[in-house]
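Let me begin by presenting the structure, written as structure tokens, before commenting on it.
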Amino acid sequence: FELQAAEKGLAFRFEAAGALPEVVRADEKRVCQILINLLGNAIKFTAAGQVTLRLAYAREFAAVEIEDTGPGMTAAEIERIFEPFARGDSAGAAAAPGAGLGLTIAKMLTDLMGGEMKVSSTPGVGSLFCVRLFLPRVHEAVAAAGRTDDTPPVAHTRRCGRRGWG
């Protein structure tokens, strides 16, 4: 995503809080799909400025924040943003490629995993998507026994800042 952001002239920032567990128990495909959909949208709809990915982990919960300096959304847009084929009313939203299912899928996968997704946004300023998932830490001995040198760790996350959950 860093390259996609750079191609659009956007800054891409990664911020991590605290220490990450080496391995967590998760459905890797679902976690990746959630992140791909949210980051892809943030970059697609942000014309200038930056996209920030924040990761945090504490007490077996991973928290992810994706914040952009895009067009933002009104309260009415936020109410329907997770509906299939929904698009924002901002300039360029209707012309953007895609079917309008990315946020619907990300929300459904988050819910399916027993997680929580929230969004806050200010028109003309940007949007902040917060995802919270239960991803229990796999302790070193168990992780080492189940992995070969060629097997990558499952998913890495850290604890999210409080402002997205207030």
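The values are calculated or read from the model by the stated rules, or taken from the named source; none is laboratory data. Just so it is clear, the structure is predicted and the values come from calculations on it, not from any experiment. Backbone-built Cβ (ideal geometry, glycine too); neighbour counts: all protein chains shown. These area figures cover heavy atoms from the full protein model, side chains too; ligands, DNA and RNA do not enter into them. Shrake-Rupley method; radii C 1.70, N 1.55, O 1.52, S 1.80 Å.
Per-residue answers, yes or no, for (1) open to solvent by 70 Å² or more (accessible area, probe 1.4 Å); (2) assigned to a strand (DSSP E or B); (3) more than 27 Å from ALA16 (Cβ to Cβ); (4) modelled with pLDDT under 75:
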position	(1), (2), (3), (4)
ALA62	no, yes, no, no
ILE66	no, yes, no, no
GLY70	no, no, no, no
PRO84	yes, no, yes, no
GLY92	no, no, yes, yes
ALA99	no, no, yes, yes
LEU103	no, no, no, no
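Being open to solvent by less than 30 Å² (accessible area, probe 1.4 Å) and farther than 21 Å from ILE105 by Cα is the filter here; which residues of the range 15-32 pass it?
PRO21, VAL23, VAL24
Restricting to the range 33-60, what's the tally of residues that are surrounded by fewer than 18 Cβ atoms within 10 Å (Cβ to Cβ) and in contact (Cβ under 8 Å) with a residue 60 or more places away in the chain?
The qualifying residues number 5.
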